[in-house]
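Enquirer: The following block contains the structure, expressed as C-alpha cells.
Please treat every number below as a calculation from the coordinates, not as lab data. These numbers were taken from a predicted model, which means no experiment stands behind them. In this analysis, Cβ positions are derived from the backbone assuming ideal geometry, glycine residues included, and neighbour counts consider all displayed protein chains.
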Amino acid sequence: MTRVLLTGFEPFGGESVNPSWQAVSAVAADPPAGLETTAVRLPCVFGTALDELRAAVARTDPDLVICVGQAGGRSAVTVERVAVNIDDARIPDNAGGRPIDEPVVPGGPAAYFAPLPVKACVAAIRAEGIPAAVSQTAGTYLCNHVFYGLAHLIATERPTLRGGFVHVPYAPEQVVDRAEPSMPVPTVARALRALLPAAVHTRTDLRVAEGATH
Ligand code: PCA
C-alpha cells in the first residue's frame with residue numbers, strides 16, 4: 001500500500017474557510033484505490049506550520065506528500081514547479097508574525113524544484129475535465145514556506161520521498177460578493193484524486209511546454 005500524506009491550511013486573511021483543507025479532508029475520507037491517505041491541517045503560522053509538517057511526516061512515514069493551499073484569484077488548480085528560500089509576508093500570519101526577507105532555512109539553497117512530475121500531474125487533472133496548470137511561483141507566504149521546507153526535508157533527510165505543492169482556487173462560498181474565480185470543493189477533491197496516482201506512478205515527467213512568458 002502506498003502511503004500518502006495530504007496537508008491543507010486553516011483559514012487565513014479574514015476568510016472563514018480554506019478550500020485546501022476542505023478538499024484534502026474529502027480526499028482522505030474517500031481516497032483513490034491502493035493509496036492509504038492521511039490528511040493534516042496546518043496552521044497558517046510561519047515556523048509552526050513547518051514543525052507540524054515535519055511531525056506529520058515522521059508520524060505517517062509517507063511515500064508521497066502533497067501540500068495544498070488556497071490561491072485566491074487563480075481560476076485553475078495549479079501544481080507548483082519551484083519553491084524559493086524566502087519568507088516575505090504581505091499580511092501577518094495567524095499568530096501575528098510577519099517575516100520580511102528572511103530565509104525559510106538559513107544557509108539552504110536559493111530554490112528547489114518540486115520533487116514531483118508536475119506536468120504529468122497537470123495532465124492527469126486535465127484528463128478529468130478540470131482546469132489545471134503548472135505554476136512558476138508559489139509566492140513568498142505560508143504556502144511557499146511549507147513547500148520549501150518539504151523540499152528541503154526531502155533533499156536532506158528523505159531522498160526516496162516525493163512531494164510537492166498544489167494551489168487551489170477560492171471556493172464559491174468565499175466569493176459570492178466578489179468578481180473572483182472559484183471552483184467547487186468537490187471538483188478540487190476530484191482533481192487531487194486524479195493527481196495522486198500520476199504523482200506516485202510517473203517515473204519520467206512529460207516533456208510538454210507548460211512555461212510562462214511572464
Ligand atoms: N494559502 C496561503 C497560505 C495558506 C493558504 O492556504 C499561501 O498561498 O501562501
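Enquirer: Using Cα pairs under 8 angstrom and six or more residues apart, how large is the relative contact order of the range 119-204, in percent? List each step's numbers first, then the result.
Expert: Numbers: 60 pairs, mean separation 33.4, N = 86.
Once normalised by length, the contact order is 39 percent.
Enquirer: For E102, which sequence-distant residues (separation of 5 or more, or a different chain) have an amide H within less than 5 Å of its own amide H, given hydrogens modelled in the peptide plane?
Expert: Placed amide hydrogens put D87 under 5 Å from E102.
Enquirer: May I ask you to compute the full-extension gain from R3 to A110, defined as 0.36 nm times their residue separation minus their alpha-carbon distance, rounded to one decimal in nm?
Expert: Fully extending the segment from R3 to A110 adds 35.6 nm.
Enquirer: At a threshold of 8 angstrom on Cα-Cα distance, excluding pairs fewer than six apart, so keeping six or more, what relative contact order does the chain reach in percent?
Expert: Relative contact order for the chain comes out at 28 percent.
Enquirer: Just A29, A120, A198 to compare: in a GNM of the chain, with alpha carbon springs under 10 Å, which one fluctuates most?
Expert: Looking only at A29, A120, A198, the biggest GNM fluctuation is shown by A29.
Enquirer: Between T48 and R207, what is the FRET efficiency for a Förster distance of 35 Å, r being their Cβ-Cβ separation, to the nearest 0.05?
Expert: That pair, T48 with R207, gives E of 0.35.
Enquirer: Pop out the ³J(HN,Hα) list for the range 131-145 in order, Karplus 6.51 cos²θ - 1.76 cosθ + 1.60 with θ = phi - 60°, rounded to Hz; leave Gly and Pro as x.
Expert: These are the phi-based 3J(HN,Hα) values: x, 8, 7, 7, 10, 8, 8, 9, x, 10, 10, 4, 5, 5, 4 Hz.
Enquirer: Which one, L53, P172, A111, projects farthest toward the positive side of the charge dipole computed for the chain from Cβ point charges (K/R +1, D/E -1)?
Expert: Working it through, the farthest residue towards the positive pole turns out to be A111.
Enquirer: Could I ask something else about it? Run through all the Cα pairs of the chain and give the fraction in each 10 Å bin from 0, expressed as whole percent.
Expert: 9, 38, 40, 13, 1
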